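Okay, so here's the structure we're looking at.
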Amino acid sequence: MNEKIMIVDDEKEIADLIELYLKNDGYNVFKFYNGMDALKCVDSEKMDLVILDVMLPDVDGFRICQKIRERYFYPIIMLTAKVEDADKIMG
């Protein structure tokens with residue numbers, strides 16, 4: 001498989017576990033623990049899928065999603081503990 005998947009989550013245990021499963025299934029994984037590094041990767045690599053935490057310490061996931069959508073239309077899965085309808089709609 002040559003599919004590229006980006007994982008962005010500041011909780012290392014979650015990101016590492018997702019990475020483990022995806023690599024075991026043969027995906028190329030790009031893993032980041034903060035939004036700034038993920039945004040740099042968005043500028044240099046075209047992904048097939050992004051798994052994105054909403055609440056990051058530096059740049060929130062909504063902003064990263066917005067930057068991705070300015071150039072690309074690949075799928076984005078949003079990870080969040082937020083339960084408000086406004087947050088779901090925004091995502």
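Residues of segment 56-81 being open to solvent by 40 Å² or more (accessible area, probe 1.4 Å) and touching a residue at least 40 places away in the same chain (Cβ under 8 Å), which ones?
Residues satisfying the conditions are Pro57, Leu79.
Among the residues of segment 78-91, is any modelled with pLDDT under 95, small (Gly, Ala, Ser) and in contact with a Phe, Trp or Tyr (Cβ under 8 Å, 6 or more places away or on another chain)?
Looking through segment 78-91, at least one residue is modelled with pLDDT under 95, small (Gly, Ala, Ser) and in contact with a Phe, Trp or Tyr (Cβ under 8 Å, 6 or more places away or on another chain).
So is Ile51 part of a helix (DSSP H, G or I) and crowded, with 16+ Cβ neighbours inside 10 Å or not?
Answer is no for this residue.
Looking at segment 36-52, which of its residues are touching an Asp or Glu at 6+ places or on another chain (Cβ under 6 Å) and either aliphatic (A, V, I, L, M) or at pLDDT below 95 (or both)?
Met36
State all residues of segment 7-19 that are open to solvent by 30 Å² or more (accessible area, probe 1.4 Å) and within 19 Å of Ile68 (Cα to Cα); if no residue qualifies, say none.
Asp10
Looking at Met36, is it open to solvent by 30 Å² or more (accessible area, probe 1.4 Å) and assigned to a loop (DSSP other than H, G, I, E, B)?
Values: open to solvent by 30 Å² or more (accessible area, probe 1.4 Å): yes; assigned to a loop (DSSP other than H, G, I, E, B): no.
Judged against the criteria, Met36 is not a match.
Does Lys31 meet the test of being out of contact with any Pro (no Cβ under 6 Å at 6 or more places or on another chain), open to solvent by 50 Å² or more (accessible area, probe 1.4 Å), outside any helix (DSSP H, G or I) and modelled with pLDDT of 95 or more?
Yes, satisfied.
Taking Leu22 as meeting all but one of (1) surrounded by 13 or more Cβ atoms within 10 Å (Cβ to Cβ); (2) assigned to a loop (DSSP other than H, G, I, E, B), write down the number of the exception.
Status for Leu22: all satisfied but (2).
The values are calculated or read from the model by the stated rules, or taken from the named source; none is laboratory data. Just so it is clear, the model here is predicted, and its values are computed rather than measured. Cβ: placed from backbone, ideal geometry, glycine included. Neighbour counts: every protein chain shown. When the accessible area is computed, the model is the full protein with side chains, heavy atoms only, and any ligands, DNA or RNA have been set aside. Shrake-Rupley method; radii C 1.70, N 1.55, O 1.52, S 1.80 Å.
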